[in-house]
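The values are calculated or read from the model by the stated rules, or taken from the named source; none is laboratory data. For clarity, every value in this text was computed on a predicted model and none was experimentally measured. Methodologically, a virtual Cβ is constructed for each residue, glycine included, from the backbone with ideal geometry; neighbour enumeration extends over all protein chains shown.
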């Protein structure tokens, strides 16, 4: 499971200078909603046929049609290869990705990288940057006409449709419909993931699948159980009672870690967002009264802000939870949960296993997921779906023979969990990068340095699974939570659609919304000030986003 929350994707914009430098086609296309490729009708794109594998490792917990991922309690004891021979032709294959781990050692000092090259039959030229530097590096590659064979497209830079059309290959001819049968492991990727790579009336890449499962509101199950408390309140009033019962500032214990997460949308769940879910508020954009409405405009969000401010005033939220303007608090919140200084916090579902990896509380440690209760008898709680793909891999325009060669590489990288290929790609070399412990594959310190920081998992990947090494109960808990959460989840109707204004201005506008929310929660501004903040957001770009999304929605039907 990838340990990065969607909040990590809220990045800066790709500069207009870099886009202009990419060539006249980028400058001429996509210059605004109503012009250029963003207007293309994507509803008729021929997506790859979904052909599930009938062989390979069998999950202990089966994948479900609702979107619940397959679960594995242990890594299969005898991984077998699901491909034949080396997919490469001995050439150099270049790729640009970001990493959320320290950048890996160079090829000459990296046993994993060397073994991967040998297995693939190519020389991988990996251009890897820390996540915080992704946009700057992409600017440089575009402006310098030095794009590699394969580029990770993460987030939504402005003019993305035009950039794709100018620089990258439309993959419909190679993968659309039954053409994907030439790459059976790519055909094993369900249809929902491919939709995230559709632009300009074409398919512009291969997705990196994750799950529609949104953020989880975690709680320290061991601590709640030790106090004899109910971890699943049936109303907001019961939720407040739970917070009161576990709050103990004299012992440096607070009920809640995260007051309002980023405030910028995207599916991340803090206390404010959890109360919004109790009130039935959808994620980011929703259909209300036949119109597209942002969740910030709904009266239920005002109600949620007022309640969050009350929780802050009552002292139930960690007093250091707001951090500083330039500080990401995500890691700090996790540390508080593991230390027991905060008991409840929202994070990605993929954080379930890492909580156990970072456990400092001992063998009694256990994490659980809390479903949002109905706020009251007049409410119907929801959870939020996220975009199903973490990113997608775009192919630089090249002769057809080269594109097909690169697809063979990505087909190998899409080998499923439990296969020999997956074991090498995701864990590295036995005895060097990982060892077996109790039937599970456990990374060594060398493996943590060599594998994670190389970012190969962002070039190609199979459908994700639920797996917490050495923690069978954690895998079962996560799987069971998915079975309950996904059926009550709602999707943002704009997922997969492009708004130029969002791409260019959302980082700034969402920051202003965050500031307004934090001021209200901390009592620096009255709840009534929220209306002015929303009005300012609308006039500064929110209404234009709405118009662009409505236009894109109409053309996607």
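Points to keep in mind about this one:
- Every pair of residues 6+ apart whose Cβ atoms lie under 6 Å, when the first sits in the stretch 90-102 and is without any contact (Cβ under 8 Å) to a residue 40 or more places away in the chain while the second is part of a strand (DSSP E or B) and surrounded by fewer than 16 Cβ atoms within 10 Å (Cβ to Cβ): 92/123; 92/125
- Only listed residue being modelled with pLDDT under 95 and either surrounded by fewer than 17 Cβ atoms within 10 Å (Cβ to Cβ) or outside any loop (DSSP other than H, G, I, E, B) (or both), chosen from 89, 136: 136
- For residue 479: the one exception among (1) in contact with a helix residue (DSSP H, G or I) (Cβ under 9 Å, 6 or more places away or on another chain); (2) buried (at least 19 other Cβ atoms within 10 Å of the Cβ): (1)
- Within the stretch 482-514, considering residues that are touching a strand residue (DSSP E or B) at 6+ places or on another chain (Cβ under 7 Å) and at pLDDT 95 or above, the one surrounded by the fewest Cβ atoms within 10 Å (Cβ to Cβ): 488
- Matching residues in the stretch 515-526 - criterion: being buried (at least 17 other Cβ atoms within 10 Å of the Cβ) and touching a residue at least 12 places away in the same chain (Cβ under 8 Å): 516, 517, 518, 520, 521
- For the stretch 206-276, the strands (runs of 3 or more DSSP E) that sit wholly inside it and include 2 or more residues that are over 21 Å from residue 373 (Cα atoms) and under 28 Å from the mean Cα position of the chain (by Cα) are 206-209.
- Answer residue from the stretch 139-162, given it is in contact with a strand residue (DSSP E or B) (Cβ under 9 Å, 6 or more places away or on another chain) and assigned to a helix (DSSP H, G or I) and is nearest to residue 200 (Cα to Cα) among those: 161
- The stretch 347-378: number of residues that are under 24 Å from residue 279 (Cα atoms), modelled with pLDDT of 95 or more and outside any loop (DSSP other than H, G, I, E, B): 3
- Being without any contact (Cβ under 8 Å) to a residue 12 or more places away in the chain and over 24 Å from residue 60 (Cα atoms) holds for only one residue in 489, 401, 391, and it is 401.
- The stretch 309-346 - residue that is under 21 Å from the mean Cα position of the chain (by Cα) and part of a loop (DSSP other than H, G, I, E, B) and, of those, modelled with the lowest pLDDT: 327
Matching residues to (1) over 25 Å from residue 216 (Cα atoms); (2) part of a helix (DSSP H, G or I); (3) in contact with a helix residue (DSSP H, G or I) (Cβ under 7 Å, 6 or more places away or on another chain):
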site: 505; (1), (2), (3): yes, yes, yes
site: 510; (1), (2), (3): no, yes, no
site: 513; (1), (2), (3): no, yes, yes
site: 524; (1), (2), (3): yes, no, no
site: 530; (1), (2), (3): yes, yes, yes
site: 535; (1), (2), (3): yes, yes, no
site: 540; (1), (2), (3): yes, yes, yes
site: 543; (1), (2), (3): yes, yes, no
site: 549; (1), (2), (3): yes, yes, no
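- Filter pass, residue 381 being touching a strand residue (DSSP E or B) at 6+ places or on another chain (Cβ under 7 Å) and at pLDDT 95 or above: no
- Answer from 552, 540 - the residue that is without any contact (Cβ under 8 Å) to a residue 60 or more places away in the chain and outside the structural domain of residue 353 (by TED's automatic domain parsing): 540
- If the condition is being surrounded by 15 or more Cβ atoms within 10 Å (Cβ to Cβ) and out of contact with any strand residue (DSSP E or B) (no Cβ under 7 Å at 6 or more places or on another chain), then the stretch 285-297 contributes 296, 297.
- Residue-level analysis places residue 95 outside the set of residues that are within 23 Å of residue 190 (Cβ to Cβ), under 28 Å from the mean Cα position of the chain (by Cα) and either part of a loop (DSSP other than H, G, I, E, B) or in the same structural domain as residue 204 (by TED's automatic domain parsing) (or both).
- Flag for residue 229 being free of Cβ contacts under 8 Å to residues at least 60 places away in the same chain and either in contact with a helix residue (DSSP H, G or I) (Cβ under 6 Å, 6 or more places away or on another chain) or not assigned by TED's automatic domain parsing to the domain that holds residue 305 (or both): yes
- Reported count of residues in the stretch 68-81, each being assigned to a loop (DSSP other than H, G, I, E, B) and buried (at least 18 other Cβ atoms within 10 Å of the Cβ), is 8.
- Here residue 437 fulfils each of the conditions (1) under 26 Å from residue 479 (Cα atoms); (2) surrounded by fewer than 19 Cβ atoms within 10 Å (Cβ to Cβ); (3) assigned by TED's automatic domain parsing to the domain that holds residue 295 apart from (3).
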